[in-house]
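Pasting a structure below so you can have a look.
The values are calculated or read from the model by the stated rules, or taken from the named source; none is laboratory data. Just so it is clear, the structure is predicted and the values come from calculations on it, not from any experiment. Cβ sites come from the backbone with ideal geometry, for glycine too, and all protein chains shown count toward neighbours. Each accessible area value is taken on the protein alone, full model and side chains, heavy atoms only, with ligands, DNA and RNA left out. Shrake-Rupley method; radii C 1.70, N 1.55, O 1.52, S 1.80 Å.
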Amino acid sequence: MPQHHSLRQRWLIAVCVITALMPLVVCAVLGVWRGIHSAQADNTRRAQQLLAGTGRILDHTLQRLEALHWTAASACEDDVIEKLTYGVYNSIYIREMGVFDPDLALLCTNFGRLYVKVYQDIKHRLPETGPFYNVIQTVVMKERSVIVNLRFPHGGGVNALIDPMVFEELARTAGVDRVRSLQLGFVPGDSILERDQPQFADTLFKLASTATLEKYPVRVELHGSDAEVWSAIDEQLPRYLLAGVGLSLLAAWCLRQVWNRLQAPEEALRQALTRREFIPYYQPIINLQTGLCDGAEVLMRWRHPEVGLIPPDSFIPIAERTGLIKPMTALLLERVCAQLGPLLRNRNLYVSINLSRIHLDDLDIVDSLLTYCRRYEVPPATFAFEITERGLPDDPGHAEVVVDALRGLGCKVFIDDFGTGHNGLALLQRLTVDALKIDRSFVEPIGDESAKARVIDSIIELAERQGLALVAEGVETAQQQRYLADHQVAHAQGYLFSPPVEAADLVLFLERTQPWMLPVTRETEQV
Ligand code: C2E
Ligand code: CA
Ligand code: CA
């Protein structure tokens, strides 16, 4: 049998697939996020490394200048120049050292005496005391060089020019070769190191890190490139994807187990339907005036090959939920036609079939009825259909169409379990039916003094007023039978007369009670 998935099932499958894929998607997103995050962290780390290195170089330079602080006078004696030479010689960072006078004119360097007013342009913005920093362009090499200046308390001071290669080297060890741009400089003031590499785009991720030093007015601004982010994602993503695939497979496996467990009863019903394991039992419906059997209610049983006979309460709800009740009822109709064909053909008996809510959504039941009635030459009018009041909406909508179609074929329509739901009266207003079935729960208390025992009187009164016939269910005692007969209830069924029985036993029952009714050949066909 082809697997038909109901809309609800398709939704469930879609939800399961999405749920199973969720870990993969989440891991992929996490992988990308981790990539971006680690690229950002790298960028920040490089900015900080650059800044820390700058701090170390400035520390070192200032220490060297401070060592000269008290020895170098503003006048450049030979021993002062010797000390400057010694200072340069002993530092890997410092390329040149010099002494300047209170007027900020350079008096000498480690190379010898001179007199250059080097600070004329910036003199006005220099602090009164403490160190100050400036960046110059070297005349010969056109390199940017940082000069650290330390003033004496009495004016004048010493300075040191840091080898430009030092910062280049610093940038190299910080790994900034693939950044979009880099700027290391004094604030306010000149920049020490600058990189602008338009070949590395930064349009997508916009990695930017800035950092400043507490001790020196130095600031670094570093913009990472998209390429760096992509390579970080490349590095992170496979691990996350692998974990995601693992988790998704695990989730799929778990969902599969749950699904199988949930689907097991449905699957069992499907297979039972394929193997045609559903059979009708018949409960005689007795005419209380004549005492004869006028009809029979068809009650479904599942003849399970291992479990045996299964009552309907344990499988009808699943059959209704999954829609399987429709083919199951069709099978029942076919079997009833085949088993009772001769009886029904002579119109000696009517049989009533229980319908579920979903039978009322379309005209499939009418089609099935016509198909089997035609095949077995049974008049449709020998069928009655029981619509249970429970589960039907207040506005039965399409039910009206189905009920009218069935009645149009001469079938009777009963309202089952009348009085047990909340919308029996509303249903009566909308649907034209032939009879009410009085639920067992109202028959049972007959003879009591309880209020419940009086409900049946209201139902009888209502049916009389509406011109509806009545069939009482669950009659178990002679007292109940008498009461119903005295109150003009035309028909009854119950253990008092007969429990639901197989077709052959129904025929035996009829043979015992009304043998004239049976056709000459009373074999029942097996389908
Ligand atoms: P229902 O339509 O109200 O059927 C009457 C139930 O009362 C039957 O139970 C019957 O065996 C039981 N019964 C009959 N006489 C007596 C009695 O004197 N005393 C007691 N205590 N019970 C009695 P069953 O066969 O177990 O069916 C249970 C329910 O399953 C039915 O209630 C009906 O709602 C549903 N059902 C049975 N067959 C079908 C079917 O083919 N289609 C649908 N949609 N529902 C069905
Ligand atoms: Ca019924
Ligand atoms: Ca009932």
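Testing the spin-label approximation: label points 7 Å from Cα along Cα→Cβ at Glu377 and Leu21. State their distance in nm.
Distance between the two pseudo-spin positions: 5.9 nm.
Residue by residue through the stretch 400-415, which ³J(HN,Hα) values in whole Hz follow from phi under the Karplus form 6.51 cos²θ - 1.76 cosθ + 1.60 (θ = phi - 60°), with glycine and proline marked x?
Each residue's phi maps through the Karplus curve to give 4, 4, 5, 4, 5, 5, 5, 5, x, 8, x, 6, 8, 10, 10, 9 Hz.
Indicate the gyration tensor shape class of the chain (rounded, prolate or oblate), computed on the Cα atoms with a ≥ b ≥ c the square roots of the eigenvalues: a/c under 1.5 is rounded; otherwise a/b larger than b/c is prolate and the rest oblate.
Prolate is the answer for the chain, as a/c is 1.5 or above and a/b outweighs b/c.
What size of dipole, in debye to the nearest 20, comes out for the stretch 3-226 about its Cα centre when the only charges are +1 on Lys and Arg C-beta atoms and -1 on Asp and Glu C-beta atoms?
For this selection, approximately 1260 debye.
Under 5 Å between amide hydrogens, which residues at least 5 positions from Ile285 or on another chain qualify, with H placed 1.01 Å from N in the peptide plane?
HN-HN under 5 Å from Ile285: Asp294, Gly295, Ala296, Glu297.
Using DSSP, restrict attention to beta bridges with both residues in the chain and report what percent are antiparallel, rounded to the nearest 5.
70 percent
Give me a comma-separated list of calculated 3J(HN,Hα) values for the stretch 144-155, in order, Karplus coefficients 6.51, -1.76, 1.60 applied at θ = phi - 60°, integers in Hz, x for any Gly or Pro.
Result, ordered by residue: 7, 10, 8, 10, 9, 10, 10, 8, 7, x, 8, x Hz.
Same structure, new question: Let me check against my output: what whole-number percent is the relative contact order of the stretch 3-226, with C-alpha pairs under 8 Å and at least 6 apart?
Reported as a whole number, the value is 20 percent.
If you roll a 1.4 Å probe over the chain with all protein chains in place, what percent of the accessible area is carbon or sulfur?
56 percent
Okay, moving on. Once Lys and Arg get +1 and Asp and Glu get -1 on their Cβ, which of Asn346, Ala381, Ile279 lies farthest toward the positive end of the dipole of the stretch 275-525?
Among Asn346, Ala381, Ile279, the one farthest towards the positive end of the dipole of the stretch 275-525 is Asn346.
Sticking with this structure for a sec: Amide H neighbours of Phe385 under 5 Å, at least 5 residues apart or on other chains, H built in the peptide plane: list them.
Ile353, Lys412, Val413, Phe414
Tell me what the chain gives for mean residue ellipticity at 222 nm when only DSSP H runs of n ≥ 4 count, each as -39,500 (n - 2.57), the sum divided by the residue total, rounded to 500 deg cm²/dmol.
Helix contribution divided over all residues of the chain: -15000 deg cm²/dmol.
Considering amide H positions built from the backbone, and no H for Pro or chain starts, which residues 5 or more places from His304, or on another chain, come under 5 Å of its amide H?
When sequence neighbours closer than 5 places are left aside, the close amide H contacts are Leu309, Ile310.
I need the shape label for the stretch 3-226. Rule: rounded when a/c is under 1.5, else prolate if a/b > b/c, else oblate, with a, b, c from the alpha carbon gyration tensor.
Since a/c reaches 1.5 and a/b is larger than b/c, the shape of the stretch 3-226 is classed as prolate.
Just going by the charge dipole of the chain, with Lys and Arg at +1 and Asp and Glu at -1 on Cβ, which of Ala264, Leu213, Leu250 is farthest out on the positive end?
Leu213
I've got another one for you. Each residue of the stretch 242-248 in turn: what ³J(HN,Hα) in whole Hz from Karplus with 6.51, -1.76, 1.60 and θ = phi - 60°, glycine and Pro shown as x?
Along the stretch 242-248, the couplings run 4, 4, x, 4, x, 5, 5 Hz.
Now a separate question. Modelled label-to-label distance, His154 and Met517, 7 Å Cα→beta-carbon offset: nm?
Label-label distance for His154 and Met517, simple model: 14.0 nm.
On to the next question. Put a dot 7 Å past each Cα toward the Cβ at Met141 and Arg125; how far apart are the dots in nm?
Between Arg125 and Met141, the label points sit 2.6 nm apart.
Express the accessible area of the chain per residue in Å², computed with a 1.4 Å probe while the remaining protein chains stay in the model.
I get 51 Å² per residue for the chain.
Expressed in nm to one decimal, what extension gain is obtained for the pair Thr210 and Ile92 from 0.36 nm per residue of sequence separation less their Cα-Cα distance?
Net length gain for the segment: 39.7 nm.
Full extension from Asp177 to Asp457: what is 0.36 nm times the residue separation minus their Cα-Cα distance, to one decimal in nm?
Contour length minus the Cα-Cα distance gives 91.0 nm.
Ok, one more. Quote the FRET efficiency, to the nearest 0.05, computed for Arg345 versus Thr274 with a Förster distance R0 of 35 Å and r equal to the Cβ-Cβ distance.
FRET efficiency, Arg345 to Thr274: 0.75.
While we're on this one: Compute the relative contact order of the chain as a whole-number percentage, counting only Cα pairs closer than 8 Å that sit 6 or more residues apart in sequence.
12 percent
If you don't mind, another one. Could you pull out which residues in the stretch 256-281 have an amide N less than 13 Å from a spot 7 Å beyond the Cα of Gln9, following the Cα-Cβ vector?
Residues passing the 13 Å test: 260, 262-274.
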